[in-house]
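Novice: I'd like to ask some things about the structure below.
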Amino acid sequence: MIITMNAPDIYRPGIDDVIRVFYPGCIIQTGNPDTGANIKLHITVDVKQPCMQVQAQLKSAAGDSGHIEQSRLEPGANERNEARRLARLAVYRLLEQFTCGRPSPWGIMTGIRPTKVVHRLLEQGFNASEVKAKLADEFAVTPDKADLVISIALFQRHYLADGLGHSHRTGVYIGIPFCPSRCLYCSFPAYPRDKHRQWLAPFVSALLREIEAVGRALRDSPLSVSCVYIGGGTPTCLEPAQLNAVLESVNTHLRTTTTTEFTVEGGRPETLTAEITGICRAAGVDRLSINPQTMQDRTLRAIGRHHTVAEVILALERARATGFASVNMDVIAGLPGETVIDMRDTMDQIMELRPENLSLHTLAVKKASQLRWEVSKQPMPTAKETAAMMQEARHRAQMLGMLPYYMYRQKNTLGHQENIGYTLPGHECLYNIMIMEEKHTVIGVGAGAGSKFLRPDGVFVNQHNPKEPWLYIERLDKVIKKKETELAEAINKF
Ligand code: SF4
């Protein structure tokens, strides 16, 4: 499928994503090339105040059609952003008419965080039912997804408004880019540990230097660390002495009296030996993630995870025996070869294990994953089946007494679904709220870690550490210098 899209440059961002909701994998040409396009889209934007209008027109062999969207600019609204939203909505509505279908329950909410839109509307004074109406009219979101995202935003208000939303609070993420093996769907920095074993020790040495440098810079700054999250990769695949050194360094250089949360992503259950679990607990880690993704052994084998369901259960027993009272488990809907029956069985087994947190992901076929090249060979669930699996999992999470408390959407998810974090009340992970809602500085340390520095004027400055361990080691001095400079800015400006 080739689609030609003609729209003014400044209003074009995001329209491609909307077109691909209807035509995944299509080729989109911009401008007016005289080639054999199957569909030609022409978008005109008129921003005469106080009303703006976007007209989307479509030409194809099946006929021509058009759609007009109009909006009054609210006081204080950003004209360009509003025109872009209107352009995306006009294209969405036009393609909805043309294809006689609504392919995504999230409408034009692609490439934006749904909760951020809801927080903005709540801050503008709209109540929950007015927000729901706006999500339907202005973003083409279905009522059940609107209810979901509004309930999550309302849950988060407590954290974002009661002083934890204060800009001096900060989170620290530590990235350890090694895993026992690489999962078929993985797009994270995750280097198979045994193949890259020579990099483990130099990487840990470099990481310890960066943690110490960030701790020193933070001591002089007005920022204080509320939460530390060690992820990756699989941090627990380090040698016990290496992991212990990282945890001790966090305790020495980053944790203060304001630090209320310390999480380690166990990820792979087979790495959670009694020794590793004990090291984490002794160092004051209070939250552990044990991620089965599925409780079906045949799927675990098919997706390249070298562990069994029995090892998941054993890891959870060890975590409980060591004293962990907050355990998260990740599950993915849409794994190759799975059906709603598999999801039901997976969730039944998880309900027996009773984790305090559950992260429900929808499979996303990412460019950096091996799955992207194998997707045509794998028996992938359909969009409808994946949506039913998510529905099944959500229902089971609610039966456990859990509430949804953070969410995000990714491109290329099966069935245009979402990723949702559920929690038993009182066990929510502050780091997950902070990283999703972008109201605080979050400092990323280690390979592949991203930092978001919130400046006093409300602007975020992003920095990214190299994801390859060898480049991270090589560029460590520069990586540290950039962070020190940004944190020094914070001292001068707050
Ligand atoms: S465990 Fe996670 S980070 Fe490691 S390879 Fe699998 S998906 Fe990637």
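Novice: Of the peptides 72-84, 121-133, how do they stack up when ordered by the mean number of other Cβ atoms within 10 Å, highest first?
Specialist: Working: 72-84: 12.5, 121-133: 14.4.
Descending packing order for the listed peptides: 121-133, 72-84.
Novice: Moving to a separate point now. If eta is 0.890 mPa s and T is 25 °C, what Stokes-Einstein diffusion coefficient results for the chain, Kirkwood Rh from Cα pairs, in µm²/s?
Specialist: My calculation gives 102 µm²/s for D.
Novice: If neighbour count is taken as other Cβ atoms inside 10 Å, put W199, W106 in order from fewest to most. Let's see the in-between values first.
Specialist: On the way: W199 20, W106 23.
Placing the least packed residue first, the sequence is W199, W106.
Novice: Please report the antiparallel percentage of DSSP beta bridges with both residues in the chain, rounded to the nearest 5.
Specialist: On the way: 34 of 76 bridges.
Counting only bridges with both partners in the chain, antiparallel ones make up about 45 percent.
Novice: Can I ask one more? Using θ = phi - 60° and the Karplus form 6.51 cos²θ - 1.76 cosθ + 1.60, what ³J(HN,Hα) does each residue of segment 455-468 get, whole Hz, x for Gly and Pro?
Specialist: Coupling constants for segment 455-468: 7, x, 7, x, 7, 8, 10, 9, 10, 10, 7, x, 8, 7 Hz.
Novice: Going by C-beta contacts inside 10 Å, put S369, S65, S104 in order with the fewest on the left. Walk me through the intermediate numbers first.
Specialist: Values: S369 20, S65 14, S104 24.
Exposure proxy ranking, most exposed first: S65, S369, S104.
Novice: Sticking with this one: Could you tell me the center-to-center distance, by alpha carbons, between segment 25-100 and segment 396-461 in angstrom?
Specialist: 31
Novice: Take the alpha-carbon centre of segment 250-304, take the same for segment 150-227, and report the distance between them in whole Å.
Specialist: Computed from Cα coordinates, the inter-centre distance equals 13 Å.
Novice: Same structure again: Just from its helices, what would the mean residue ellipticity at 222 nm be for the chain, if runs of 4 or more DSSP H residues each count -39500 (n - 2.57) and the sum is divided by every residue, rounded to the nearest 500 deg cm²/dmol? Please report the intermediate quantities before stating the final value.
Specialist: Working: 16 runs with 200 residues, N = 494.
Mean residue ellipticity, 222 nm, calculated: -12500 deg cm²/dmol.
Novice: Based on Cβ point charges of +1 for Lys and Arg and -1 for Asp and Glu, what charge dipole magnitude is obtained for the chain about its Cα centre, in debye rounded to the nearest 20? Don't skip to the answer; put the middle values down first.
Specialist: Details: 57 positive and 53 negative charges, 149 e Å.
The calculation lands at about 720 debye.
Novice: Under a 5 Å amide H to amide H cut-off, with H placed in plane at 1.01 Å, what residues pair with Q29 once short-range neighbours are removed?
Specialist: Amide H to amide H, under 5 Å and 5 or more residues apart or across chains, Q29 pairs with I3, T4, M5.
Novice: Cα gyration tensor of segment 100-190, axes a ≥ b ≥ c as square roots of the eigenvalues: rounded (a/c below 1.5), prolate (a/b > b/c) or oblate? Present the calculation step by step, with values, prior to reporting the outcome.
Specialist: Working: a/c = 3.26, a/b = 1.28, b/c = 2.56.
Oblate, since a/c reaches 1.5 and b/c is not below a/b.
Novice: Please list the radius of gyration and Dmax for segment 246-330, considering alpha-carbon atoms only, with Å as the unit.
Specialist: My reading of the Cα-based Rg and Dmax gives 14.0, 46 Å.
Novice: If segment 1-103 were replaced by its equivalent ellipsoid, with semi-axes equal to the square roots of 5 times the Cα gyration tensor eigenvalues, what would those be, largest first, whole Å?
Specialist: Working: eigenvalues 115, 37, 30 Å².
That gives 24, 14, 12 Å for the three semi-axes.
Novice: Ok, one more. So what's the net charge close to I176: Lys and Arg +1, Asp and Glu -1, counting the other residues with Cβ under 13 Å from its Cβ? Write down the numbers at each step before the final one.
Specialist: Working: positive: R193, R268, K467; negative: E210, E239, E265.
Neighbour charge sum, excluding I176 itself: 0.
Novice: Could you list K481, K59 so that the one with the fewest beta carbons within 10 Å of its beta carbon is first and the one with the most is last? Each step should come with its number before you reach the end.
Specialist: Details: K481 12, K59 15.
In increasing order of surrounding Cβ atoms, one gets K481, K59.
Novice: Can you tell me the relative contact order of segment 169-482? Whole percent, Cα pairs under 8 Å, sequence separation 6 or more. All intermediate terms of the calculation are to be shown ahead of the outcome.
Specialist: On the way: 630 pairs, mean separation 63.9, N = 314.
Answer for segment 169-482 is 20 percent.
No lab work stands behind these numbers, since they all come straight from the coordinates. Just so we're clear, the structure is a prediction, and the values are computed from it rather than from any experiment. Backbone-built Cβ (ideal geometry, glycine too); neighbour counts: all protein chains shown.
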